[in-house]
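Just below is one structure, and these are the notes that go with it.
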Amino acid sequence: MAFSLDTEQERQFSEILSRYPNKQAACIPVLHLCQAANKKSIDDDVIRFVASRLELSSAHVLGVVTFYSQFNTVATGRHEIWVCRTLSCALRGADALLATCEKKLGIHVGETSSDGKVTLRTAECLASCGTAPMIQVDQQYYENLLPADVERIIDELRNRDDG
Amino acid sequence: MARLTNYITKNYGKERSFDLDVYESDGGYGAARKALAMSREAVIGEVKAAHIRGRGGAGFDCGMKWSFMPKESAKPHYLVVNADEGEPGTFKDRTIMEQNPHLLIEGCIIGAYAIGARDVYIYVRHELHLAKARLWAAIEQATKRGYLGERAMGHPYPIRVYVHTGAGAYICGEETALLESLEGKRGEPRLKPPFPAQAGAFGCPTSVNNVETISAVALAIEMGGDAFSQLSSLHGFNDGGVRLFGVSGHVKRPGVYEAAVGLTLRELIYELGGGILGDRALLGVIPGGSSCPILLPNETVDVPNDPRFAAWQGKNVLDLPMGVDTFRGVGTMLGTCCAIVLSDAADPVVACRNLMQFYKHESCGQCTPCREGCGWLDRILDKIVNGKASMAELNLVSEVASNISGNTICAFGDGAAGPMLAFVQKFRKSFEDYILTGGQNQTRRLVP
């Protein structure tokens, strides 16, 4: 079935459009909306939907999707863990946090755990340098971490009852 | 002795510091009220007198930038706030958006009025979810109280503020890439001219300013432009007011501190930052985000032909006041004023490689010298760190970096090449040691 938005999402879509002088400017916020509505990834259906609703070419929308790191074109776990790897965090132990994540989850960076629950990624500087090292889990920042903290965060994530 | 100020940060840490009532209990929105009773020209005049140098890294004078906006034009004008904070080592704008969002909104009202804009877009990077939520909530509160909307602050002048979000691309902090991204395109920087003041967002006159810059405007209007400028010890360099200083890496108390412009690196590292972790020696400091060439603790100020530098000539760079022009004078940049501190436990070659991985990942790919050059730098550094590079390849690093500089549309390329060249020049022996011995005499790590 072709991709569509539900009533509440359609309301958000209209609200987003009202912020800009043209439809194209809504492209990135609308892609965020659709990605969230499509199990956190953007496929050809979503691209066609966004292109048609914003009166853009599919090529334009695909170009936007592939430019930005926060748009996923492949299936993603229900949760995402981002480990900041850039210098300020690296100086305070980011490597150890990443190693802990990989060991605990049994996956490498860029992979999703076999239960489909967690995708592990590295991030470039997340503007949290004064509280380094840090990780981001979905929309939440966790700062000033030791490897033991990361183990606890992953345990909590695993125990969350979200299918 | 470092003296902290608390104009931007006075509500930081207070309960519900982001709430309108908390902000107003201390005179909040008084500056916007004052500004809208003035003429546009008078507002810009005050901002010019405040000598607010752009806090996003480029250091351009805010009042000057606003004065480039056309007085009248048939097209709408836009104010765009750059909140795409992502320069490695930089974490100051986030604190304003999360803990004092109304200061930014108040600055937006003043800025929009001054440049003749009705619509303001705050471009926040996607990852900063709390900042976005706090800003949307602040906009809603300010609209309900009549500070935003069809009659801003009760005046017959409409001002609407929106949060626009990116999707994870460092380059969108470059102002023309940001405008492309705002227009719903790939964030590839534009050729200039035309400058945004002529053709910015949606082809209309636009001013793009950093979060902290716009916040400083509200302070400058409140106390008067000249009084704000005089807070700085670099008033004579036309670098005025107070600003946020960040310090991260190997210091005991990393964080964001507010002080008058003109603080020294020594004060930032050893007083505010509490000194080096484990009381080790300082290896070097990257003064204002990763695009600023690293400074070593034994470097001295050598600007003999500029009388403004006479007081510091021959002195240690750590004792030079941190200003846009002072740091340009000693071959680095003030950038975002957020320093990354490396103790002697850190391996400079590994640190350099970490940064070049960042630039390789974030190059937008539009200009060949940057797209290919950053990839080459990353690959050669990988070989060096793994002990597989030759001396010829070490020289190739300098060649590749030099070929990026000045050959790209935007400053990203220079931001990668400058630090690379500084690392190779200042730590050449460490790089050579990796090539000759596989780095046996280096720490080969970043963590103490």
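The values are calculated or read from the model by the stated rules, or taken from the named source; none is laboratory data. Predicted, not measured: the structure shown is a model, and the values here were computed from it. Cβ atoms come from the backbone with ideal geometry, glycine included; neighbour counts cover every protein chain shown.
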*Given (1) assigned to a loop (DSSP other than H, G, I, E, B); (2) in contact with a helix residue (DSSP H, G or I) (Cβ under 9 Å, 6 or more places away or on another chain), index of the condition B:Gly314 fails*: (2)
*Which residues, counting only those in segment B:121-138, are surrounded by fewer than 24 Cβ atoms within 10 Å (Cβ to Cβ) and closer than 14 Å to B:Arg160 by Cβ?*
B:Trp136
*Report the residue count in segment B:117-152 for those that are on the phi > 0 side of the Ramachandran plot and either of a type in the set (Asp, Glu) or part of a loop (DSSP other than H, G, I, E, B) (or both).*
1
*In segment B:180-213, which residue that is more than 17 Å from A:Asn22 (Cβ to Cβ) and assigned to a strand (DSSP E or B) is nearest to the other protein chains (Cβ to nearest Cβ)?*
B:Asn210
*Residues of segment B:387-443 satisfying the condition of being touching a residue at least 40 places away in the same chain (Cβ under 8 Å), more than 30 Å from B:Pro194 (Cβ to Cβ) and assigned to a loop (DSSP other than H, G, I, E, B)*: B:Gly387, B:Ala389, B:Ser390, B:Phe427, B:Gly438, B:Gly439, B:Gln442, B:Thr443
*B:Gly331: more than 9 Å from chain A (Cβ to nearest Cβ) and on the phi > 0 side of the Ramachandran plot, yes or no?*
yes
_Just to be sure I understand, how many residues within segment B:323-370 are touching a Lys or Arg at 6+ places or on another chain (Cβ under 9 Å) and either part of a helix (DSSP H, G or I) or over 21 Å from B:Glu175 (Cβ atoms) (or both)?_
17
*Do you know which residues across segment A:95-115 are touching a residue at least 40 places away in the same chain (Cβ under 8 Å) and not basic (Lys, Arg)?*
A:Ala96, A:Leu97, A:Ala99, A:Thr100, A:Cys101, A:Leu105
*Out of curiosity, is B:Pro321 in contact (Cβ under 8 Å) with a residue 60 or more places away in the chain, farther than 18 Å from B:Gly89 by Cα and either crowded, with 19+ Cβ neighbours inside 10 Å or touching a helix residue (DSSP H, G or I) at 6+ places or on another chain (Cβ under 7 Å) (or both)?*
yes
*asked:* Give me the helices (runs of 4 or more DSSP H) completely within segment B:1-74, filtered to those with at least 2 residues that are more than 19 Å from the chain's Cα centre (by Cα), crowded, with 16+ Cβ neighbours inside 10 Å and modelled with pLDDT of 95 or more, ordered by residue number.
replied: B:20-24, B:30-36, B:40-50
*What single numbered condition from (1) buried (at least 24 other Cβ atoms within 10 Å of the Cβ); (2) closer than 26 Å to B:Asp21 by Cβ fails to hold for B:Glu98?*
(1)
*Collect the residues in segment A:73-87 that are within 10 Å of A:Lys39 (Cα to Cα) and either among the hydroxyl-bearing types (Ser, Thr, Tyr) or more than 12 Å from the chain's Cα centre (by Cα) (or both), keeping them in residue-number order.*
A:Thr76
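Here is a yes/no grid of residues against (1) part of a loop (DSSP other than H, G, I, E, B); (2) of a type outside the set (Ser, Thr, Tyr); (3) within 14 Å of chain B (Cβ to nearest Cβ):
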{"position": "A:Val83", "(1), (2), (3)": "no, yes, yes"}
{"position": "A:Lys103", "(1), (2), (3)": "no, yes, no"}
{"position": "A:Val109", "(1), (2), (3)": "yes, yes, yes"}
{"position": "A:Ser114", "(1), (2), (3)": "yes, no, no"}
{"position": "A:Gln136", "(1), (2), (3)": "no, yes, yes"}
{"position": "A:Tyr141", "(1), (2), (3)": "no, no, yes"}
{"position": "A:Asp149", "(1), (2), (3)": "no, yes, no"}
{"position": "A:Arg152", "(1), (2), (3)": "no, yes, no"}
{"position": "A:Leu157", "(1), (2), (3)": "no, yes, no"}
*asked:* Being of a type in the set (Phe, Trp, Tyr), facing chain A (nearest Cβ under 8 Å) and more than 23 Å from B:Ser17 (Cα to Cα) is the requirement here; does B:Tyr162 meet it?
replied: no
*Please specify each residue of segment B:220-254 satisfying the condition of being more than 14 Å from chain A (Cβ to nearest Cβ) and touching a Leu at 6+ places or on another chain (Cβ under 8 Å).*
B:Phe228, B:Gly240, B:Gly241, B:Val242
_Residue check, A:Val65 away from every other protein chain (no Cβ under 14 Å) and either closer than 21 Å to A:His32 by Cα or surrounded by fewer than 19 Cβ atoms within 10 Å (Cβ to Cβ) (or both)_ = no
_Looking only at segment B:381-411, how many residues end up being over 29 Å from the mean Cα position of the chain (by Cα) and aliphatic (A, V, I, L, M)?_
7
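From B:Ala114, B:Ala177, grab the single residue that is modelled with pLDDT of 95 or more, part of a helix (DSSP H, G or I) and more than 19 Å from the chain's Cα centre (by Cα).
It is B:Ala114.
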